[in-house]
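The values are calculated or read from the model by the stated rules, or taken from the named source; none is laboratory data. Just so it is clear, the model here is predicted, and its values are computed rather than measured. Note that each Cβ is placed from the backbone with ideal geometry, even for glycine, and that neighbours are counted across all protein chains shown.
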Amino acid sequence: MKLGLYRHTNGNLYRVIGVARHSETLEEMIAYQALYHDYGLWVRPRAMFEEMVEKDGKQVPRFTFVSECCHEAPVLR
């Protein structure tokens, strides 16, 4: 998993900050930060983060990698 800037199918930008593991199941989770509104921190199962979803009748990635650098993004609070 590349760390950096990703765009969700809804158009919003997120910064992936790391890969974590669920403490009981050891499932890989992606930790990421919204780059809008309150800049909240989120986690999502890696399989779900990387899955294909339907948009406008086409299969597209849920999140698309944009760039490795996020200089314009705010610092985590």
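Consider Ile17 against the criteria (1) hydrophobic (A, V, I, L, M, F, W, C); (2) assigned to a strand (DSSP E or B); (3) at pLDDT 95 or above: it satisfies all of them except one. Which criterion is unmet?
Of the numbered conditions (1) hydrophobic (A, V, I, L, M, F, W, C); (2) assigned to a strand (DSSP E or B); (3) at pLDDT 95 or above, the odd one out for Ile17 is (3).
Considering every residue within region 45-53, establish whether at least one is among the basic types (Lys, Arg) and assigned to a strand (DSSP E or B).
So far as region 45-53 goes, no, none of its residues is among the basic types (Lys, Arg) and assigned to a strand (DSSP E or B).
Per-residue answers, yes or no, for (1) out of contact with any Ser or Thr (no Cβ under 9 Å at 6 or more places or on another chain); (2) over 15 Å from Tyr6 (Cβ atoms); (3) at pLDDT 95 or above; (4) small (Gly, Ala, Ser):
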{"site": "Ala31", "(1), (2), (3), (4)": "yes, no, yes, yes"}
{"site": "Arg44", "(1), (2), (3), (4)": "yes, no, yes, no"}
{"site": "Ala47", "(1), (2), (3), (4)": "yes, yes, yes, yes"}
{"site": "Glu50", "(1), (2), (3), (4)": "yes, no, yes, no"}
{"site": "Asp56", "(1), (2), (3), (4)": "yes, yes, no, no"}
{"site": "Arg62", "(1), (2), (3), (4)": "no, no, yes, no"}
{"site": "Phe65", "(1), (2), (3), (4)": "yes, no, yes, no"}
{"site": "Cys70", "(1), (2), (3), (4)": "yes, no, no, no"}
{"site": "Leu76", "(1), (2), (3), (4)": "yes, yes, no, no"}
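Please find, among Leu13, Leu5, Leu26, Leu35, the residue that is surrounded by fewer than 13 Cβ atoms within 10 Å (Cβ to Cβ) and either farther than 23 Å from Glu68 by Cβ or of a type outside the set (Gly, Ala, Ser) (or both). Reasoning before the result, please.
Details: Leu13 fails: surrounded by fewer than 13 Cβ atoms within 10 Å (Cβ to Cβ); Leu5 fails: surrounded by fewer than 13 Cβ atoms within 10 Å (Cβ to Cβ); Leu35 fails: surrounded by fewer than 13 Cβ atoms within 10 Å (Cβ to Cβ).
Exactly one of Leu13, Leu5, Leu26, Leu35 is surrounded by fewer than 13 Cβ atoms within 10 Å (Cβ to Cβ) and either farther than 23 Å from Glu68 by Cβ or of a type outside the set (Gly, Ala, Ser) (or both), namely Leu26.
Write out, first by first residue and then by second, each pair whose Cβ atoms fall under 9 Å of each other, whose residues are 6+ apart or on separate chains, and whose first residue, in region 48-66, is in contact (Cβ under 8 Å) with a residue 40 or more places away in the chain and among the polar types (S, T, N, Q) while the second is surrounded by 12 or more Cβ atoms within 10 Å (Cβ to Cβ) and assigned to a loop (DSSP other than H, G, I, E, B).
Here the result reads Thr64/Thr9, each pair linking region 48-66 to a residue that is surrounded by 12 or more Cβ atoms within 10 Å (Cβ to Cβ) and assigned to a loop (DSSP other than H, G, I, E, B).
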